[in-house]
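Engineer: First, the structure itself, so that you have it in front of you.
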């Protein structure tokens, strides 16, 4: 298991046709050699699997990457579990630079994000 720091930035949307580097997520997660999330590795390192949501004009939100049932979520400190942000098919995606994932955010909108970097978490 290798822990990696993954940075997601908002991909092209109607509101942001060029995407937005100042809106996204940085999180630490265990990845397999081919870039998939490692659920067993997450069980071993869940306390290190932190997330930071950054969004221009809003304070950063901090929390954890969590796994419940067959789904992955971003859970933020001080927020009820029903307000967690589910990540669409996170278990099937790879996290390699240039890949895309979708996150359903607090407002209920599912938005696309581009993996812009995968680095050592330290």
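The values are calculated or read from the model by the stated rules, or taken from the named source; none is laboratory data. Model, not experiment: these values are computed from the prediction. Cβ atoms come from the backbone with ideal geometry, glycine included; neighbour counts cover every protein chain shown.
Engineer: Quick test of your reading of the structure: residue 100 fulfils all but one of (1) buried (at least 16 other Cβ atoms within 10 Å of the Cβ); (2) within 24 Å of residue 41 (Cα to Cα); (3) at pLDDT 80 or above. Name the failing condition by number.
Structural biologist: (1)
Engineer: Counting only residues that are part of a strand (DSSP E or B), free of Cβ contacts under 8 Å to residues at least 24 places away in the same chain and farther than 13 Å from residue 5 by Cβ, how many does region 50-74 have? Before you say what the answer is, go through the steps one by one.
Structural biologist: First, pick out the residues of region 50-74 that are part of a strand (DSSP E or B): 50-55, 58-68, 71-74.
Narrowing the set further to residues that are free of Cβ contacts under 8 Å to residues at least 24 places away in the same chain leaves 50, 58-64, 66, 68, 71, 73.
Those still in the list that are farther than 13 Å from residue 5 by Cβ too: 58-64, 66, 68, 71, 73.
Of the residues in that region, 11 qualify.
Engineer: In region 21-49, what residues are crowded, with 16+ Cβ neighbours inside 10 Å and part of a strand (DSSP E or B)?
Structural biologist: 23, 24, 25, 26, 27, 28, 29, 30, 31, 36, 37
Engineer: Return the pairs, sorted by first residue and then second, in which the second residue is modelled with pLDDT of 95 or more and in a loop (DSSP other than H, G, I, E, B), the first residue lies in region 1-19 and is on the phi > 0 side of the Ramachandran plot, the beta carbons are less than 6 Å apart, and the residues are 6+ apart or on different chains.
Structural biologist: What qualifies is 19/11; 19/12.
Engineer: If only one of 69, 35 is at positive phi and in contact with a strand residue (DSSP E or B) (Cβ under 7 Å, 6 or more places away or on another chain), which one is it?
Structural biologist: Values: 69 fails: in contact with a strand residue (DSSP E or B) (Cβ under 7 Å, 6 or more places away or on another chain).
Among 69, 35, only 35 is at positive phi and in contact with a strand residue (DSSP E or B) (Cβ under 7 Å, 6 or more places away or on another chain).
Engineer: Next question, about the same structure. Condition (residue is over 17 Å from residue 93 (Cβ atoms), buried (at least 19 other Cβ atoms within 10 Å of the Cβ) and modelled with pLDDT of 95 or more) applied to region 59-68: is it met by at least one residue?
Structural biologist: no
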